[in-house]
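Participant: One structure, as structure tokens, below. Some questions next.
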Amino acid sequence: MTPQSQNQFLTLIGTAITDHRVIQIKHKNIWRTVEPYMAGLSRETQTPGLYGFCRDVIPARYQNVDNRWQVFPFDDIEAIELTYYEFRPHLEYTGNFDRMQPVYIKLTPALVGSR
């Protein structure tokens, strides 16, 4: 990923987080609908990524973990689009996600429920 595309992704994700707007990403050749919550560097790989709630992934039937909260590495995102749809932040979102540090931009928990 070029620094220019990374900056474009961050600008668009920043707008989406600030305005509570859903984005569409083309991730590994599949379009996904995502509520963005945080963008930053992966603690393990030091590569940029997006942490968000994927609306179109069905939770696994036989697992106790909801797999809709996902990290999408920027290198795996081929395209990104801002939609006109707004989202209400999930109550379980605390603003803490230790797998992503440093964080470039995130939805602050104080805003949860304010819309």
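Participant: Please give the number of the condition V65 fails out of (1) surrounded by 10 or more Cβ atoms within 10 Å (Cβ to Cβ); (2) of a type in the set (A, V, I, L, M, F, W, C); (3) at pLDDT below 95.
Facilitator: Failed condition: (1).
Participant: Show the residue pairs meeting these rules: Cβ distance below 6 Å; 6+ apart or different chains; first residue within the stretch 16-31 and closer than 16 Å to D75 by Cα; second residue among the basic types (K, R).
Facilitator: I25/R32
Participant: From the set of residues in the stretch 1-51 that are surrounded by fewer than 16 Cβ atoms within 10 Å (Cβ to Cβ) and of a type in the set (D, E, K, R), which is farthest from L91 (Cα to Cα)?
Facilitator: Checked the stretch 1-51; the qualifying residue farthest from L91 (Cα to Cα) is K28.
Participant: Those residues that are out of contact with any Leu (no Cβ under 9 Å at 6 or more places or on another chain) and of a type in the set (S, T, Y), I need them from the stretch 34-56; list them, please.
Facilitator: Scanning the stretch 34-56 gives S42, T45, Y51.
The values are calculated or read from the model by the stated rules, or taken from the named source; none is laboratory data. Computed from a predicted model, the values in this text were never measured in an experiment. Cβ: placed from backbone, ideal geometry, glycine included. Neighbour counts: every protein chain shown.
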